[in-house]
Structure formats: C-alpha cells, structure tokens
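**Student:** Questions regarding the structure given below will be posed in turn.
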Amino acid sequence: MKQPSKSFSEIISAGEEEKFATYTNKLKAIQKAKSKKYGKGRLLHRKGLLALKAEFQVDANLPAHAAQGIFASPGKYEAIIRLSNGSLEVQADKTPDIRGFALKVKGVAGNSILTGKPTTEQDFVMINHTTFSSARAEEFLDLLLAISSGGGALLKHLYNSYGFFGMFKAMARFAKVIGKKFTSFATENFSTVLPIRNGDYAVKLRIRPVSEVTTKPSKVDLTTDLKEHLKSGALEYAVELQFYTDAETTPIEDASVEWPESETAFVTVGKLTVPVQSFAGDAYEKFAASVEQMKFDPWNAIEAHKPLGNIMRARKHAYYASQIERGA
C-alpha cells in the first residue's frame, strides 16, 4: 500500500483556455437546441429524477492527510441531493445511461475557488463510475459534439479519430460505459471520478451505501425503491476519500485510469444521511422545483477542494456556460 503524497501537479498545455472557449460556444448551441425541444435545462444530466434533503457529517479524529478543508474538524451540515440521468436527452429511465448524484453541502466555511470571497457551499458532483470515458476533455467533447449531430456524424467522427478497426473498439468502449448495469441509487457507489484537492493532498471522493435496503428497484422508475424506503427508514452512505500517491499509479491528468484500491485504499471521513421524507404535496413540489434551478458544479467549491486535471478545467468553462444559458 502506497502513502498519500503532496507532490501532485497539473500539466496545463499552451492554448488550453482558448481551446475550451471554442468548445464552449459549440456546447451552448447544443444546449439551445435541446432547450427548444424540452424547455430550459442543463446541457448534460438534463433529466432530474429526484430531489432529496440530507445531512452531511464529518467524523472526528481523522488522520492528518484526511483532516483538510471541510474535513478538518467534526461537524454536521445541511445537504441537498439531485439525482439524474446523464444524457443530453430526456428519455426513459430504462434507457442505458450514466446516473448522476449531485451533492451540495451547505453551511461550510472557506473562500470560493472562483471568486476568492467567503462561501458557504461545497458541491461534489458524482456518477456511478470509477473512471471517465476519455483520458482528456478534448476526446470527450469531440465525441459529445458528434453524438449531438446524429448517427452519421458519430460514425464519421469515430472513423476519423480511430481508423476503421479502431472505431469498433472505441464504440465497444463507449457502449460499455453507457451500458453499465445500474441497480439502484440506494445500493450503488458514486464517485467524483475526477480528482479534487483535499488541502495539501489530491483525492477522489466517493459515497458508499451502508444501509440495508429491502425495497425492490424498478427499471421503469429508478427512484421507486428509494422513495419507498424513505417513507419509513433513513438511508446512509459512507463518505470516503482515495488519495493521490504518485503520477503513474494515480494520474491527475488522465481521467481514464482507475486509481487502484490495492495501492491507495479509501479512508472513511464521514457519512451522508438521507432521512425519512415525503415526496407528495405542494411543499415537496416547491422544494424539487428549487433544486432543479440550483447550480451543482464541481467549481462551486472552497479553495481547499479545488478541482484538478484537464477535464475538470474544461468543466469550469462548460458548467458556467450551461448555467448562463438556462438562466441559473
């Protein structure tokens, strides 16, 4: 087992900001087109599935490398969760897709990584995967642009990018990501996938369900079992951090590489509790509508939890543009 290291660094290529700005303009055009079809909404993770109230608790007596940022001292915070499907489209839950778990922790103390001014919010944006589909943002964004233009454009993109034989391997790789079996938001792990700072260290954060759930999931409505469980019992997730050790084992810039648990184990730093709550009535409808209007952004963070790596830097541009486009 390797030890957490402070020696991580980002590798930022010349002209990266300008390149991301060009992509952002294209993404805004896609979002506008989808908003004409579905109404105002996010670029990705457009279909919100459920809004939840929660509590985020930080444990006491954490090791020094874990006790950083919002984990520096024990405490309890109000939290809000938005569950979603990852697609550009608003489609049936049974359609293969990436599933999103966006978490907003409220009442924290620190300076915003974006403005340098005090903020009281920290967002963690997670999905049901442990790696990203592409090593770098450019590969993912080119794929996204091709998908948005239809099947013919997608095949042309794959052929130009990977060659005749390579395109089939790429198709299989992307299909495996989208088609990953998903059981339930109550039983699956969710990860930031991409690294963030934890004070002087770099980490990936995940939540791992620890509650016993007996309600049965449904492919037609992915939140049926969750809502049924929460009628009478709380749901708990362990909050865990996995630490950077070295550039080869735990790369910052290559999002397609899984950080091996055999070399860098997860450290439990707290728990996320979703209490018993009702999903019927005007009060819930008003709450759910407010959550749909909220920003869930990895860059809505305190300085101690700055997002790291090429794809996170691309997200800084893309998320902001998406928020402006939908008026959030």
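The values are calculated or read from the model by the stated rules, or taken from the named source; none is laboratory data. Note that this is a predicted model, so its numbers are computed, not measured. We place every Cβ from the backbone using ideal geometry, glycine too, and count neighbours over all the protein chains shown.
**Student:** Any residue in region 313-328 that is farther than 11 Å from Leu27 by Cβ sitting within a Cβ distance under 7 Å of a residue that is outside any helix (DSSP H, G or I) and modelled with pLDDT under 90? List the pairs, counting only those 6 or more apart or interchain.
**Tutor:** none
**Student:** Follow-up question, since we're still on this one. Would you call Ala238 farther than 21 Å from Ser5 by Cβ, out of contact with any strand residue (DSSP E or B) (no Cβ under 8 Å at 6 or more places or on another chain) and either free of Cβ contacts under 8 Å to residues at least 12 places away in the same chain or not β-branched (Val, Ile, Thr) (or both)?
**Tutor:** Working: farther than 21 Å from Ser5 by Cβ: yes; out of contact with any strand residue (DSSP E or B) (no Cβ under 8 Å at 6 or more places or on another chain): no; either free of Cβ contacts under 8 Å to residues at least 12 places away in the same chain or not β-branched (Val, Ile, Thr) (or both): yes.
Against the criterion (farther than 21 Å from Ser5 by Cβ, out of contact with any strand residue (DSSP E or B) (no Cβ under 8 Å at 6 or more places or on another chain) and either free of Cβ contacts under 8 Å to residues at least 12 places away in the same chain or not β-branched (Val, Ile, Thr) (or both)), Ala238 does not qualify.
**Student:** So, in region 247-263, of the ones that are surrounded by 11 or more Cβ atoms within 10 Å (Cβ to Cβ) and charged (D, E, K, R), which residue ends up nearest to Phe8 (Cα to Cα)?
**Tutor:** Result: Glu253.
**Student:** With respect to the numbered conditions (1) in a helix (DSSP H, G or I); (2) touching a residue at least 40 places away in the same chain (Cβ under 8 Å), which one is the sole condition not fulfilled by Ile207?
**Tutor:** (1)
**Student:** Report those strands (runs of 3 or more DSSP E) wholly inside region 1-115 carrying at least 2 residues which are at pLDDT 95 or above and of a type in the set (Val, Ile, Thr). Full working, then the answer.
**Tutor:** Numbers: elements: 48-58, 75-85, 99-111.
Here the list reads 75-85, 99-111.
**Student:** Among Ala301, Ala314, which is the only one that is modelled with pLDDT under 95, crowded, with 20+ Cβ neighbours inside 10 Å and either under 23 Å from Ala60 (Cα atoms) or of a type outside the set (Asp, Glu) (or both)?
**Tutor:** Going through Ala301, Ala314 in turn, the sole match is Ala314.
**Student:** Take region 264-298 and flag every residue that is small (Gly, Ala, Ser), surrounded by fewer than 21 Cβ atoms within 10 Å (Cβ to Cβ), touching a Leu at 6+ places or on another chain (Cβ under 9 Å) and not in a helix (DSSP H, G or I).
**Tutor:** Residue satisfying the conditions is Ser278 alone.
**Student:** Taking Lys36, is it of a type outside the set (Gly, Ala, Ser), closer than 27 Å to Val291 by Cα, without any contact (Cβ under 8 Å) to a residue 12 or more places away in the chain and surrounded by fewer than 21 Cβ atoms within 10 Å (Cβ to Cβ)? Write out each step before concluding.
**Tutor:** Working: of a type outside the set (Gly, Ala, Ser): yes; closer than 27 Å to Val291 by Cα: yes; without any contact (Cβ under 8 Å) to a residue 12 or more places away in the chain: yes; surrounded by fewer than 21 Cβ atoms within 10 Å (Cβ to Cβ): yes.
Judged against the criteria, Lys36 is a match.
**Student:** Among the residues of region 7-24, write down those that are more than 22 Å from the chain's Cα centre (by Cα) and either closer than 17 Å to Ile147 by Cα or polar (S, T, N, Q) (or both).
**Tutor:** Selection gives Ser7, Ser13, Thr22.
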